[in-house]
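Chemist: Attaching a single structure in structure tokens format; questions to follow.
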Amino acid sequence: MIKKILRYVSYVLIPFAVVMVAAYQYNNYLNKAIILDYNSALGRNYGVDEMNKGVSLLKSNANKGDLILLGSSELANSDYIAENPANMFPNTDLDSQVCLVGRAGTQSLLDAIRIGAMDENFKDKKIVFIVSLQWFLDEKIDVNSFRANFSEIQFYKFMNNSKIDDSIKKYVCKRTYSLLSGQSSLAAPCFYAYLYSKDNLFFRAAFNAFKPYYYLREKFLDLKDKHESYKAVKKFKDAPKQEIKSIDWEKEYKIAEETGKSECTNNSFYVYDSYYTEYFKHNLDSLKNYYGNVKLCESDELQDYEMALKLFNDTGVKPYVIIVSTNGYYYDYAGLTREKRLELYDELVSRAKKYNLDYLDLRDYEYTPYFYKDVMHLGWKGWLYLNEKFTKYFS
Amino acid sequence: MVFSQYTNIFSLIIFSSLLIPGIVAGFMGKRIKYLGMIASVFALCMIMGFHTLQMYQFLIFLACESILIMGYYFFNKRAKSDFVYFWVLILSFLPIILIKSVIYLPRFNFLGFVGISYVSFRVWQLIIEIHDNHIEKLPFLDMLYFITFFPTISSGPIDRYQRFTKDLNNAIPRNEYINDYLFVGIKKILLGVVYKLGIAAFINLYVIEKMPHEKTFLSVVIYMYAYTFYLFFDFAGYSNFAVGTSYILGIKAPENFNKPFLARNMKEFWDRWHISLSKWFGDYLFSRFVLNTLRNGTFKSKKMAVRCGYLLTMTIMGLWHGFTLFYVAYGVYQGIMLVITDFYLKSKVYRKFKKSGCYDIVSRIVCFQIVAIGMLIFSGYLFNV
Amino acid sequence: MEDLKNIAFDIMEEICETDEIREDPDLDLMDAGLIDSLSTINIILLIEDKLGLKLQPTDFTKEDISTVNNFISFLEGKVK
């Protein structure tokens, strides 16, 4: 019988060893290839999954001195909005390529996991963390958005980062478990988070028993991420280089004003025309006071935000925190008073101060026409203002 | 937290870890029965979720069907009544018919639980066998275990109560357990990995998902063959997991596939494809229909009875998959093909050539085309799904 | 009992459409391709015809009809 067991074992071990060696070689090849062939045009694209849900692209970006913007849906539409950062960098005052990270649904918890998954090289890089008021509208953050944007490989790398405090890891695990629970395709990280978040001995032992499996799984996902990332890199390899722009800020402000004026003609909320027709024209009445009962500061997102800032501080990553305000005209109408909004901004600012992070508070621009293009997203003047701020801050 | 059964390596590992107490018992030559039952409870919680709507529906379903089964069992010991039999059977059909008919409406798509179609087969088999007086003893736990046996709960294979309990109450000696159950089970699980997580996943990723949106003749043909192979490797892979896990728990679950694409005609095909299902339909629907219609004179000719039997059984099989057009079309198609095969097998051409080697190969190729067309219908691809 | 044996052989000969089976009552009929899934229906009908016994498809197992000798033992059990 021992012979039989040895025979079976060799049937499994030998192919396994061969696969491991091949994977190792391929991994090394991909590491070099991704850095060699990377074209910054990839970074200027919004919503690239390999960037948002991967690790290797973002890591290799940090090495290139790019301007990394961690945001959500406001980063989109660089083809419609000329003032989108993707169109205004590199410029003569700040010679950095822009890297758009995050998409609709990305919020503090996901960004914390993402940054936690990065390594030492991420410190002291040009990073901007864009926080939106809309993240705080609901007491519980949106489960489906979290699941759609969740990255398993980032999560494992985050958990394996020794620089992160255990209390933060436990917090993230508790949150991840409650948000992923019930989605059977995400059962593996959900189970990991579940085991880690429990304090007693039995779960500790179970967690350790599964460690070898999760080690292999992480290695597999890592290789898969590199493979997918290289495919994405190849797609953009031959894109033309972005010219360094020479920006006359005064002139640009005039242009932004003109564009905004021409796009927002049919309403008094200063949102662009087709947005108004599609979302407001026919239900203006039902939207009045729609957000009357919202308690911005009671959202789970506030704890996630604080934890993210603490994590940034602990790992030495120091992003420029942008506390984006919102379209004051609309939200006043919708019952979310200026008072409540200011209360939130105060909370966000105080925490940024607490963790020694530079921040930019946009509360004074809530009533500036064309600062926002719709009820919540940065528009012509808003992006232009931020681009100017980024240029000054990072150069 | 919910785990899907057997769809990825992670869930395989989790479910396998539940087998460890059973394996230890097997090594010691002791009965695995009760350890298997405990493992089953944990596994069902993982599949249905704990405190979820699905779990509640599952428990209610089990409670109702158990009352029907045990009630009918005790009744049948005392009195025989076709009237009672008829109504017990009808009542046992109600849950699945109800769920299958409303599940397509968005308001009701939370109804049902994993494996409801397959659990139902085991319930109906018990009721029919009770009526036929084939069941001497029916311990409640054994009955429950049989119906909810976790390795085969999501998609079969469909076992039979008498065969199951014979294996269940066996205390397998150690060497026999290691050689005929444990190693065999592990081999099957590994084969399942290759089939389902390897080949089927590959076909799905590199062929099926890359299909263009417009349907041309070429794309339909490619899809037809790709889907047929995908379905086989996916389902045979799953069945291997189910049977392998079963073996490790000391139950020799029946096989579901026997080189189906080598079949020479559609009748042989159904002896090789989804065997536990076709046997079930054969024993409990087809044969009884033919026998009853011949006995009570509905059909004078055996040929007529058999051919109507084929059409009826296959159409019902199609409906059992779901109350959608393409499933019904699939069932009807299979029924018609079986009728044609019946004519074919009695024909002079067949009798004349059936010994020839060349004819053998040609008939296998032709049969495969018929199978592939059936699978194309089954996939719903033509109906824009 | 001789009577029963003869009936069993008669039934099997009709089902298998050959009298080969009389020569080897232990021949595995399934392996030899002489009976298949439809045969069970025919066997039941013939048993009903010749012995007046009304059976169901699940009253016998594959083993009971796999050889003529098994079939004879099965019938003996049923007739008692």
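Chemist: Mind checking which aspartates and glutamates have their C-alpha under 17 Å from residue A:235, skipping anything on the same chain fewer than 8 residues away?
Modeler: A:37, A:49, A:50, A:225
Chemist: Going by amide H atoms built from the backbone, whose H comes under 5 Å of the H on residue A:98, apart from near neighbours?
Modeler: Counting only residues 5 or more places away or on other chains, the set is A:67.
Chemist: Now for a separate question. For residue B:371, what is the net charge nearby, where nearby means another residue's Cβ is under 15 Å from its Cβ and Lys, Arg count +1, Asp, Glu -1? Let's see the in-between values first.
Modeler: Numbers: positive: B:259, B:264, B:267, B:272, B:364; negative: B:268, B:271.
Surrounding charge for residue B:371 is +3.
Chemist: Counting only other chains, and only Cβ atoms inside 10 Å, what mean value do you get across the residues of B:270-282? Mind dumping the intermediate values first?
Modeler: Working: counts 1, 2, 0, 0, 0, 0, 0, 0, 1, 2, 0, 0, 5.
Average neighbour count from other chains, rounded to a whole number: 1.
Chemist: From the square roots a ≥ b ≥ c of the eigenvalues of the alpha-carbon gyration tensor of chain B, which class results: rounded (a/c under 1.5), prolate (a/b over b/c), or oblate? Spell out each step's value before the answer.
Modeler: Working: a/c = 1.45, a/b = 1.18, b/c = 1.23.
Since a/c stays below 1.5, the shape of chain B is classed as rounded.
Chemist: Another question about this same structure. First select every other residue whose beta carbon is under 11 angstrom from the beta carbon of residue A:325; then total the charges, Lys and Arg +1, Asp and Glu -1.
Modeler: Local charge sum for residue A:325: 0.
Chemist: Okay, next question. What's the ranking of B:220-232, A:292-304 by average number of surrounding C-beta atoms within 10 Å, highest first? Intermediate values should be presented prior to the final figure.
Modeler: On the way: B:220-232: 18.2, A:292-304: 16.4.
Top of the packing list down: B:220-232, A:292-304.
Chemist: Decide, for the protein assembly as shown, between rounded, prolate and oblate: order the square roots of the alpha carbon gyration tensor eigenvalues as a ≥ b ≥ c, take rounded if a/c falls under 1.5, and otherwise choose prolate if a/b is larger than b/c, else oblate. All intermediate terms of the calculation are to be shown ahead of the outcome.
Modeler: Details: a/c = 2.33, a/b = 2.23, b/c = 1.04.
Taking the square roots of the gyration eigenvalues as a ≥ b ≥ c, the protein assembly as shown is prolate.
Chemist: When chain A is treated as a GNM, springs tying every alpha-carbon pair under 10 Å, which of A:201, A:179, A:221 comes out with the largest mean-square fluctuation?
Modeler: Among A:201, A:179, A:221, the largest mean-square fluctuation in the Gaussian network model of chain A belongs to A:201.
Chemist: A further question follows. Gaussian network model of chain B, Cα springs within a sub-10 Å range: biggest mean-square fluctuation belongs to which of B:254, B:95, B:106?
Modeler: B:106
Chemist: Can you give the FRET efficiency to the nearest 0.05 for residue B:303 and residue B:214, using r as the Cβ-Cβ distance and R₀ = 41 Å?
Modeler: On the way: r = 45 Å, r/R0 = 1.09.
For residue B:303 and residue B:214, the calculated efficiency is 0.35.
Chemist: A further question follows. Cut-off under 15 Å on the C-alpha distance; same-chain residues fewer than 8 positions from residue A:373 excluded. Which aspartates and glutamates are left, in chain and number order?
Modeler: List returned: A:74, A:79, A:83, A:257, A:258, A:263, A:273, A:278.
Chemist: Return the loop-located trypsin sites (Lys or Arg not before Pro) in segment A:180-246 (DSSP other than H, G, I, E, B) with at most 14 other Cβ atoms within 10 Å of their own Cβ; answer none if there are none.
Modeler: A:237, A:241
Chemist: Here's another thing I want to ask about it. With a cut-off of at most 11 other beta carbons within 10 Å, and DSSP calling the residue loop, which trypsin sites (Lys or Arg not before Pro) in segment B:166-270 qualify? Please list them.
Modeler: Values: sites: B:166, B:174, B:187, B:188, B:196, B:210, B:215, B:252, B:264, B:267; in loops: B:210, B:215, B:252, B:264.
Sites meeting the loop and neighbour criteria: B:210.
Chemist: For residue C:62, give me every one of the lysines with a C-alpha distance below 20 angstrom, ignoring sequence neighbours fewer than eight places off in its own chain.
Modeler: Partners found: B:166, B:252, B:267, B:279, C:5, C:54, C:78.
Chemist: Could you run the Karplus curve 6.51 cos²θ - 1.76 cosθ + 1.60 with θ = phi - 60° over segment A:22-38 and give me ³J(HN,Hα) per residue in whole Hz, x for Gly and Pro?
Modeler: Couplings: 4, 4, 4, 5, 4, 4, 5, 4, 5, 3, 5, 4, 4, 5, 5, 9, 5 Hz.
Chemist: For the pairs B:33/B:137; A:318/A:353; A:163/A:198, note any where the Cα-Cα span goes beyond 19 Å.
Modeler: Beyond 19 Å between Cα atoms: A:163/A:198.
Chemist: Just want the answer: with Cβ charges of +1 for Lys and Arg and -1 for Asp and Glu, which residue in C:41, C:4, C:56 is farthest toward the dipole's positive end in segment C:2-79?
Modeler: Result: C:56.
Chemist: Find how many whole Å separate the alpha carbon centroid of segment A:260-292 from the alpha carbon centroid of segment A:26-63.
Modeler: So the separation of the two Cα centres works out to 39 Å.
Chemist: A follow-up question, please. Can you pull out the trypsin sites (Lys or Arg not before Pro) in segment B:47-91 that DSSP calls coil and that have at most 16 other Cβ atoms within 10 Å?
Modeler: B:80
Chemist: OK, next. With a sphere of radius 14 Å drawn around the Cβ of residue B:94, what net charge do the other residues whose Cβ falls strictly inside it have (Lys, Arg +1; Asp, Glu -1)? Write out the running numbers ahead of the final one.
Modeler: Numbers: positive: B:100; negative: B:65.
Local net charge: 0.
Chemist: Just check segment B:228-363 against the gyration tensor rule for me: Cα atoms, a ≥ b ≥ c as the square roots of the eigenvalues, rounded for a/c under 1.5, and otherwise prolate or oblate depending on whether a/b exceeds b/c.
Modeler: Because a/c hits 1.5 or more and a/b fails to exceed b/c, segment B:228-363 counts as oblate.
Chemist: What residue among B:255, B:65, B:176 shows peak mean-square fluctuation when chain B is described by a Gaussian network model with Cα springs under 10 Å?
Modeler: Of B:255, B:65, B:176, the Gaussian network model singles out B:176 as fluctuating most.
A short reminder: the numbers here are calculations on the coordinates, not readings from a lab. On a predicted model such as this, the values are computed, not experimentally measured, just so you know. With ideal geometry, Cβ positions are generated from the backbone for all residues, glycine too; neighbour counts draw on all protein chains shown.
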